[in-house]
Amino acid sequence: MNDYDFKAIEKKWQKFWQEHKTFSSEVRKDKEKYYVLEMFPYPSGRIHMGHVRNYTIGDTVARYRMTAGYNVLHPMGFDAFGQPAENAAIKNKTDPREWTEKCIEWMEKELKQMGFAYDWQRELSTHRDEYYKWNQWIFVKMFEKGLAYKKGSSVNWCPRCETTLANEEVINGGCWRCEAQVVQKELEQWYLKITEFQDALLEDLKLLSDWPVRVITMQENWIGKSYGVEIYFKETQTSKTIPVFTTRQDTIFGATYVVIAPEHPQLKEIIKNKPEEKKVLKFIEKVSRESKIVRMAADVKKEGMFTGCYAINPVNNEKIPIWTADYVLMEYGTGAIMAVPTHDQRDFLFAKEHGLGVRLVISDPKRPDLKALEMDCAYEEDGVMVNSGNFNGLDNETAKLKIAEWMESQKIGQREVYFRLRDWLVSRQRYWGTPIPIIYCEKCDIVPVPEKELPVKLPKGAEITGTGGSPLSRVSGFVKTKCPKCSAPAKRETDTMATFFDSSWYFLRFCSPRNSQALFDKEEVNYWMPVDQYIGGIEHAVLHLLYSRFFTKFLHSLGYLKFREPFKKLLTQGMVLKDGEVMSKSKGNIVDPDAIIEKYGADSLRLCILFAAPPEVEFDWNDRGMEGAWRFLLRVYNAVDSFCLLKAAPAKNPEPDFEKPLRFKTHATIKKVTEEMEGGFKFNTAISALMELSNEITPALKQAQAAGANSQILKEAIDALVILLSPLCPHMCEELWQRLGHKEGSIINTLWPKYDANALVQDELNIIVQINGKMRSKIVVNSDISEEELKAKVLSDPKTATWIKGQPVKKIVVVPKKLVNIVV
RNA sequence: GGGCGAGUGGUGGAAUGGUAUACACGAUGGACUUAAAAUCCAUUGGCCUUUGGCUGUAAGGGUUCGACUCCCUUCUCGCCCACCA
């Protein structure tokens, strides 16, 4: 029926690319570099539609850049450490390494089936010691700089995974991986001092103008820098200073009580020997047992009690009660607040519940007569200062500055900046990860493993049960070692690193993946980096992208990198849903890419997924889309096939009437598709433009067939169609390109076409005629018509005249080359 | 509660101040066929008195010669953050 044997074509070209190393890359100073990277996958064994979408977008960008003459780096690897391998080990008694290697093998095969233009010679996997050796190297460097440190504190603990979690890994109070409720646990753990770079991480977001705004906002919120004042309240009995942090120092005259976090170290001191002591201690005990999630749930009533103590408000020497309550967190600010019920909703609710005082200090311009006692919610907006001593009458924004300055001069407060960002808890009680390269010696304390002894290899044969802490602690041959400093018997650290550590610098390793002397070659990394276009899921907006920026800044501070930001441009692609839901095994709504490739081929799948929606929008998978993609490819294939059968054009090419419009369409399409490939990335509209071109080629081809001869304009259109489509559907286009007479090499070595501006100049223009803004007529005019001639022509148009009906013309608006609007 | 985004035919979507619904899917009718599939052709927002006209981009208002597009109000949905003082 048809000859488009996609199976044979796809196999043929995949083999060709592999044999000719078409996509291998090397540093070349004579060409402009372009590094395009998609977030590397966890090797689960099978690729899913999310991968297909992510990697098709990246591949299209990469292939376009290759064809456009750039020196392109487009690598692929595997983020191979992590829990699924360990879970499989527990369930099936398999070795995580074997399981992972097997999965990688399957996955590579599937990726190759999609025809992605990767430089496979650069492939890496984080579970190999040649890679994780450099994880350990980075860790040691951080340790030496004081940026990797161990401390005991209350940590996030997933009871199901039996391991610690970073703050970034706690989503809605649950584990990011298994969704189990996270609890707090007192543990001694390793942290990375990401806060060392908090200012740079926030400030340099300004350099990322090509990142989606929402990712920037999410990172800003996560870092959470707030400017405020630390105000010194004095406890009346002990005269101890209790600093509180506020961003609303303008409301200080409205403070009617102070709240101190239950965990606050000063709390136990000030309540000593007070009648309330016992009750308060009981409350502290109760809160400490509560999980953070329960405590922070929005709908839970805030609990608290009076401590029996009082504090002096330093601005007016007022004596106000000190309370303790679970709505104040020890981790943020100073762990104590001044409560202003009239201008903070949380304080308002708490004050109402416990009958605490209220005083209005900022008046609402919309309700100037409002009284504090009549309020039904806090007024948190701007307004004019009242009941605030010398500051009355000022607007509160001005007062903020004046009060801060005045407090500093009186030494009752100090301007401060607080961040929400916390250091990164990086140790995990897992087997399948990078061993933390640390040795504990009784004499020398914590000693990092010297560089020449790296890597600390992950031992084989550890018993993985999923319970009872770090599996490595049960491998005695691993634990027992000698102190590198004093050679006394010592013990190894048995925790492993969070896998986000591995992925925080892999983009650097791709620049020199086989280097055994260093984590990367300095020259190569500074040639290829930063990544010009990074593509991945929005779910990494904070986690992976923030950590990667942190690592880049760290290595930059050591002088290894010349750049401060790893990813110049970021595209966050939308999810692929099925029936409005995320595809998952448990829901049984998985669409298997393999089955689709089997039926329609990889090119159709690539086209379908790009045509379905713009890349950043999520879309619902529909099998019908495949039919449409398939039909289009078939039409293109058949068109090129029939074109090849035509005789070459005679020396004197007769000009069939299709030629001029076809040439216009060809060059308009080149323009449109090039713009989208360059950075617009609306592949869906690029594809529709290609379909339009194809729709114009079809009748032109019929005419040429009838005439029995070729046409240069038709040839140009067909060539353009094949090249412009090649980044999207590479196999078929390689094949067609060859049939069109280009016998040598790959289509990526052909230069991407440039549009001819002359071809886009039209002799005649369609002008829209509007009466009072409504479209009433269309006229065709010469493109060089003057404005006056155009007006005259429009007014003489009979159809226009019937609409004017002799009414006086008030105004004529002319939009050059587009329309004329007559106002009557 | 805060932030960001979105709302357009039966469906995915196009148009970012100038012909609303490009391109496709689906549907209907026709050609081909013994038949079906495939393919090709035609129609396809709604309404009407149908060679024409009215109306129409969540709802209402505004700015403009002209608004899906800009501004204000309201509604709905999605995502992210959420006792951060």
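The values are calculated or read from the model by the stated rules, or taken from the named source; none is laboratory data. Please read all numbers here as calculations on a predicted model, not as lab measurements. Backbone-built Cβ (ideal geometry, glycine too); neighbour counts: all protein chains shown. Surface accessibility is based on the protein's heavy atoms, side chains included, excluding ligands, DNA and RNA. Shrake-Rupley method; radii C 1.70, N 1.55, O 1.52, S 1.80 Å.
Observations on the structure shown:
- Residues of segment A:380-394 satisfying the condition of being in a loop (DSSP other than H, G, I, E, B) and under 15 Å from residue A:249 (Cα atoms): A:380, A:381, A:382, A:383, A:386, A:387, A:388, A:392, A:394
- For segment A:334-377, a residue qualifies if it is part of a loop (DSSP other than H, G, I, E, B), touching a Pro at 6+ places or on another chain (Cβ under 7 Å) and more than 19 Å from residue A:403 (Cβ to Cβ), and the qualifying residues are A:356, A:358.
- Selection from segment A:680-715 of residues that are more than 10 Å from RNA strand B (Cβ to nearest atom), out of contact with any Pro (no Cβ under 9 Å at 6 or more places or on another chain) and at pLDDT below 90: A:701, A:705, A:706, A:708, A:712
- Restricting the first member to segment A:274-289 and to residues that are at negative phi, and the second to residues that are among the hydrophobic types (A, V, I, L, M, F, W, C) and surrounded by 12 or more Cβ atoms within 10 Å (Cβ to Cβ), the beta-carbon pairs closer than 6 Å and six or more apart or on different chains are A:277/A:271; A:280/A:271; A:283/A:305.
- In summary, residue A:410 fulfils each of the numbered conditions (1) open to solvent by 50 Å² or more (accessible area, probe 1.4 Å); (2) under 38 Å from the mean Cα position of the chain (by Cα) with the single exception of condition (2).
- Of all residues making up segment A:170-193, the number that are of a type in the set (Asp, Glu) and open to solvent by less than 10 Å² (accessible area, probe 1.4 Å): 0
- Residue match in segment A:469-488 (condition: under 23 Å from residue A:212 (Cβ atoms), under 32 Å from the mean Cα position of the chain (by Cα) and of a type in the set (S, T, N, Q)): no
- Filtered by the rule that a residue be farther than 17 Å from residue A:333 by Cα and polar (S, T, N, Q), segment A:255-273 gives A:256, A:273.
- Search result, residues across segment A:216-252 that are away from RNA strand B (no atom under 13 Å from the Cβ) and free of Cβ contacts under 8 Å to residues at least 40 places away in the same chain: A:238, A:239, A:240, A:241
- Top-ranked residue in segment A:124-168 [being among the polar types (S, T, N, Q) and part of a helix (DSSP H, G or I); ranked as most open to solvent (accessible area, probe 1.4 Å)]: A:167
- Any hit, segment A:722-738, residues being farther than 30 Å from residue A:570 by Cβ, open to solvent by 60 Å² or more (accessible area, probe 1.4 Å) and either near RNA strand B (Cβ under 10 Å from one of its atoms) or part of a helix (DSSP H, G or I) (or both): no
- Summed over segment A:257-305, the residues that are among the hydroxyl-bearing types (Ser, Thr, Tyr) and either away from RNA strand B (no atom under 14 Å from the Cβ) or at pLDDT below 90 (or both) give a count of 2.
- When residue A:599 is tested against (1) part of a loop (DSSP other than H, G, I, E, B); (2) at pLDDT 85 or above; (3) more than 12 Å from RNA strand B (Cβ to nearest atom); (4) open to solvent by 50 Å² or more (accessible area, probe 1.4 Å), only condition (1) is not met.
- Per the listing A:347, A:364, A:382, A:376, the residue uniquely within 12 Å of RNA strand B (Cβ to nearest atom) and not polar (S, T, N, Q) is A:347.
- Of all residues in segment A:536-547, none that is free of Cβ contacts under 8 Å to residues at least 60 places away in the same chain and at positive phi has its Cβ atom under 7 Å from the Cβ atom of a residue that is within 7 Å of RNA strand B (Cβ to nearest atom) and open to solvent by 10 Å² or more (accessible area, probe 1.4 Å), 6 or more apart or on another chain.
- Once segment A:510-565 is narrowed to residues that are buried (at least 19 other Cβ atoms within 10 Å of the Cβ) and of a type in the set (Lys, Arg), the residue that is farthest from residue A:51 (Cα to Cα) is A:553.
- Segment A:382-409 residues that are within 17 Å of residue A:247 (Cβ to Cβ) and at pLDDT below 90, paired with ones that are part of a helix (DSSP H, G or I) and of a type in the set (S, T, N, Q) (beta carbon under 9 Å, 6 or more apart): A:382/A:396; A:383/A:396; A:396/A:251
- Taking segment A:617-648 as the range and being surrounded by 16 or more Cβ atoms within 10 Å (Cβ to Cβ), more than 6 Å from RNA strand B (Cβ to nearest atom) and either free of Cβ contacts under 8 Å to residues at least 60 places away in the same chain or within 38 Å of the chain's Cα centre (by Cα) (or both) as the test, the residues that pass are A:621, A:625, A:626, A:629, A:630, A:632, A:633, A:634, A:636, A:637.
- Single unsatisfied condition, residue A:634 versus (1) within 30 Å of residue A:138 (Cβ to Cβ); (2) part of a helix (DSSP H, G or I): (1)
- Among the residues of segment A:306-338, those identified as at pLDDT 85 or above, within 12 Å of RNA strand B (Cβ to nearest atom) and over 14 Å from residue A:267 (Cβ atoms) are A:327, A:332, A:333, A:338.
- Residue A:451 exposed (fewer than 14 other Cβ atoms within 10 Å of the Cβ), out of contact with any Ser or Thr (no Cβ under 6 Å at 6 or more places or on another chain) and either hydroxyl-bearing (Ser, Thr, Tyr) or at negative phi (or both): yes
- Any hit, segment A:427-441, residues being open to solvent by 50 Å² or more (accessible area, probe 1.4 Å) and assigned to a loop (DSSP other than H, G, I, E, B): no
- The residue that is nearest to residue A:504 (Cα to Cα), counting only those in segment A:111-123 that are open to solvent by 10 Å² or more (accessible area, probe 1.4 Å) and either free of Cβ contacts under 8 Å to residues at least 24 places away in the same chain or not in a loop (DSSP other than H, G, I, E, B) (or both), is A:122.
- Within segment A:753-824, strands (runs of 3 or more DSSP E) holding 3 or more residues that are of a type in the set (Asp, Glu) and more than 8 Å from RNA strand B (Cβ to nearest atom): none
- Test: residue in segment A:609-616 that is charged (D, E, K, R), within 13 Å of RNA strand B (Cβ to nearest atom) and in contact with a Leu (Cβ under 9 Å, 6 or more places away or on another chain): yes
Condition check ((1) under 19 Å from residue A:140 (Cα atoms); (2) crowded, with 17+ Cβ neighbours inside 10 Å) across all residues:
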site: A:464; (1), (2): no, yes
site: A:467; (1), (2): no, no
site: A:472; (1), (2): no, yes
site: A:486; (1), (2): yes, no
site: A:494; (1), (2): yes, yes
site: A:503; (1), (2): yes, yes
site: A:508; (1), (2): yes, yes
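- The residue that is surrounded by the fewest Cβ atoms within 10 Å (Cβ to Cβ), counting only those in segment A:24-42 that are outside any loop (DSSP other than H, G, I, E, B) and not basic (Lys, Arg), is A:34.
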